[in-house]
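All of the numbers you see were taken from the coordinates with simple rules; none came from a lab. Nothing here was measured: the structure is a model prediction, and the numbers come from that model. Please note: Cβ atoms are built from the backbone with ideal geometry, for glycine as well, and neighbour counts cover all protein chains shown.
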């Protein structure tokens, strides 16, 4: 439960960092590339360079998967940013959060990790998680000119599929290839691949880096590294049961980021948003009540 809470806090930190980019007029692309570099540095400082070099194995399955995930990470972010610009924040948010359906389905019906430990209340919580996310993500004005245009549906669909692919891959790799020694260094190589890819894109596009982008990348990179590190820890703590971890994780992120957005950015919520937040509290209890009872 502790690692799940830490994962939520790290992700809320990422959300707040992204929100500040628009407030301080920070260019997204260079800040993201700097962020991935900071993720690598943060991981090395946290783990130790000697540990990283000792565990480094370029022929291992975990290293290959980390490199591929790095490419998917930065691609997903670029698509999410473009979706936000073309379709709006609400569409991008719903697409990214609803992607939890993919790791949940794979965890339950393909991987079958700890399925026997789920009861009817847990399944109800999984279902209500989707309802809660939809309610919290709803905005006052959702009508857009291209809602039924198939070409514009491809962007949020891509975000949905790639976001689900990332979480499903992390769940699978953590179960089969990552042990306690690899857990802290695995995110380092994910972000290394993302950084190299982003740096190449910036060189080709001749993107300029300013002090604001460097600063934004720094305060985004630290929680970004720990968001993946603690997510792997949380998966291990719950026997890689993504059907429990990902709904609880997304609900926690939504509650935390929504509350901070109200406090720091003076965001206004609709009645449906408030209902979604209250429902999210019910979902968290339904998904974690066994752990709560154990602790009492």
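Things worth noting here:
- Inter-site label distance for residue 200 and residue 56 at 7 Å from Cα along Cβ, in nm: 1.9
- Taking 80, 16 and counting other C-beta atoms within 10 Å, the order from fewest to most: 16, 80
- Rel. contact order, % - alpha carbon contacts under 8 angstrom, at least six apart, the chain: 43
- Most mobile of 33, 245, 105 in a GNM of the chain (Cα contacts under 10 Å): 105
- Full extension of the chain between residue 2 and residue 75 gives 23.3 nm of extra length, using 0.36 nm per residue less the Cα-Cα distance.
- Region 232-280 and region 1-62: distance between their alpha carbon centers, rounded to Å: 20
- Cα gyration tensor, region 218-261 - rounded (a/c under 1.5), prolate or oblate: oblate
- Cα shape, region 192-296, gyration tensor, a/c 1.5 rule: oblate
- CD proxy at 222 nm, helix term only [per DSSP H run n ≥ 4: -39500 (n - 2.57); per residue of the chain; nearest 500]: -27000 deg cm²/dmol
- Residue with peak Gaussian network fluctuation, the chain [Cα springs, cutoff 10 Å], from 173, 222, 110: 110
- Between residue 27 and residue 64, the simple label model (points 7 Å from Cα in the Cβ direction) yields a spacing of 3.7 nm.
- Residue 239-residue 181 FRET efficiency (beta carbon distance; Förster radius 22 Å; 0.05 resolution): 0.70
- Matching label, percent of Cα pairs over 26 Å apart computed from the structure shown, candidates (i) 44; (ii) 49; (iii) 59: (i)
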